[in-house]
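Report on the following structure.
The values are calculated or read from the model by the stated rules, or taken from the named source; none is laboratory data. What you see is a predicted model; the values in this text were computed from it and never measured. Backbone-built Cβ (ideal geometry, glycine too); neighbour counts: all protein chains shown.
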Amino acid sequence: MSNAIRFYETGGPDVLKWEAVDPPPPQAGEVRVHHRAVGLNFIDIYHRTGRYPIGDLPAVLGLEAAGVVDAVGDGVDSLAPGDRVAYAGVPPGAYTEARVIPAHRLVKLPEALSYETAAAAMLQGMTARYLLKGCYAVKPCDTILIHAASGGVGSIVCQWAKHLGATVIGTVGSPEKAAKAKQNGCDHPILYKEADFASEAASITSGRGVNVVYDSVGKDTFMKSLDCLRPMGTLVSFGQSSGSVPPLDIGLLAQKGSLFLTRPSLMTYTEKREDLEAHARDLFEVLQNGAVKIEISQTFPLKEAAEAHRALESRKTTGSCLLMP
């Protein structure tokens, strides 16, 4: 018998329930995976609270995990029992000891990478990949600004952008997080509680502004993020931890310098199989050559997912967190 975290209504962490849920045999095109590690991400909180509807309830949270193939359905010839695999993205359902998932959403995990690294890196790492290579192709000598620079995505973006030759500015909430961001390649950590990050970015760039801002905070930072950009700069709004961005008169983008604005999702960027493979291939490359290192700051037993959510929501975590089946 297998177990999973399910919820029957949206709400706080207490809606998460540890229950016996046995996965069925895989059908045609499907694979059954026994998880070794499950990723914890802020989007899980959005699903739990209903900010991003997950579909019919009861449901199982989680968009990221790594494990071992246990069985394959008809028509699956790319995977076999015993294969090490990882995934990130829809369909949700990773908060389980075992699950059935479409085979085309899985990628084989190189032997050099652990299950823990993969589960901590897949969603955040492939997000970093589409931020740095898809939404705006970061080049040597570019200057970028990343909010929440010591968080899971932020830590990866700082390292990867530095590897690409960029100058990295990052906002953080404490001196400890500033030190962590700097260790990860952030050239200019800004304590946003003590300084105006738009003014600091202007000073750092001698008034030119940055090429791109990566903003996962949303409501609290959106307008000042626009102010950080140089003419024809790009704002990538890829999250809303502080709340949704209010409606915007797009004429403001022209007034502030013919700016570009995008609201992307990993699901769109990896919907096609070839794109998923490209994202995973690039991520595995920087993980294996050491350009990006994954810090797993905390692990929780899967059955204690509610406590893990409390820690993530209260911003008591840095880097990546895992749920262990």
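From the list Ala291, Ala254, Ala280, which residue is outside any loop (DSSP other than H, G, I, E, B), farther than 14 Å from Thr127 by Cβ and of a type in the set (Gly, Ala, Ser)?
Of Ala291, Ala254, Ala280, the one residue that is outside any loop (DSSP other than H, G, I, E, B), farther than 14 Å from Thr127 by Cβ and of a type in the set (Gly, Ala, Ser) is Ala254.
Going through Asp215, Asp275 one at a time, which residue ends up being in contact (Cβ under 8 Å) with a residue 40 or more places away in the chain and of a type in the set (Asp, Glu)?
Asp215
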**Complete:** Of the residues in region 168-195, those that are more than 20 Å from the chain's Cα centre (by Cα) and among the hydroxyl-bearing types (Ser, Thr, Tyr) number 2
**Asked** Is there a residue in region 19-33 that is under 15 Å from Leu323 (Cα atoms) and surrounded by fewer than 21 Cβ atoms within 10 Å (Cβ to Cβ)?
**Response** no
**Request:** Could you run through region 45-78 and say how many residues are surrounded by fewer than 20 Cβ atoms within 10 Å (Cβ to Cβ) and within 20 Å of His279 (Cβ to Cβ)?
**Result:** 1
**Asked** All but one of (1) within 19 Å of Met324 (Cα to Cα); (2) without any contact (Cβ under 8 Å) to a residue 60 or more places away in the chain hold for Leu16; which doesn't?
**Response** (2)
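If we keep just the residues of region 312-325 that are buried (at least 17 other Cβ atoms within 10 Å of the Cβ) and not hydroxyl-bearing (Ser, Thr, Tyr), which is farthest from the chain's Cα centre (by Cα)?
Among those residues, the one meeting the criterion is Pro325.
Residues to consider are Gly207, Gly170; find the one that is assigned to a strand (DSSP E or B) and of a type in the set (Gly, Ala, Ser).
Among Gly207, Gly170, only Gly170 is assigned to a strand (DSSP E or B) and of a type in the set (Gly, Ala, Ser).
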**Item:** Per-region count, region 243-257, residues surrounded by 12 or more Cβ atoms within 10 Å (Cβ to Cβ) and more than 22 Å from the chain's Cα centre (by Cα)
**Value:** 5
**Request:** Mind listing whichever residues of region 100-140 are among the hydrophobic types (A, V, I, L, M, F, W, C), within 30 Å of Val210 (Cβ to Cβ) and touching a strand residue (DSSP E or B) at 6+ places or on another chain (Cβ under 8 Å)?
**Result:** Ala120, Ala121, Met122, Leu123, Met126, Leu131, Cys135, Val138
**Asked** Which of (1) out of contact with any helix residue (DSSP H, G or I) (no Cβ under 8 Å at 6 or more places or on another chain); (2) within 23 Å of Glu271 (Cβ to Cβ); (3) assigned by TED's automatic domain parsing to the domain that holds Gly67 is the odd one out, the single condition Leu109 does not satisfy?
**Response** (1)
**Request:** Filter region 181-196 for residues that are surrounded by fewer than 24 Cβ atoms within 10 Å (Cβ to Cβ) and either in contact with a Leu (Cβ under 7 Å, 6 or more places away or on another chain) or part of a helix (DSSP H, G or I) (or both) and give the result.
**Result:** Lys182, Gln183
**Prompt:** Which one of these is out of contact with any Leu (no Cβ under 6 Å at 6 or more places or on another chain), of a type outside the set (Ser, Thr, Tyr) and surrounded by fewer than 17 Cβ atoms within 10 Å (Cβ to Cβ): Phe284, Phe222, Phe260?
**Reply:** Phe260
**Fill in**
Residue hits (region 277-300; within 17 Å of Ala65 (Cα to Cα) and either out of contact with any helix residue (DSSP H, G or I) (no Cβ under 9 Å at 6 or more places or on another chain) or small (Gly, Ala, Ser) (or both)) are Glu277, Ala280, Arg281, Ser297
**Request:** Quick one: which residue in Lys219, Lys224 is assigned to a loop (DSSP other than H, G, I, E, B) and charged (D, E, K, R)?
**Result:** Lys219
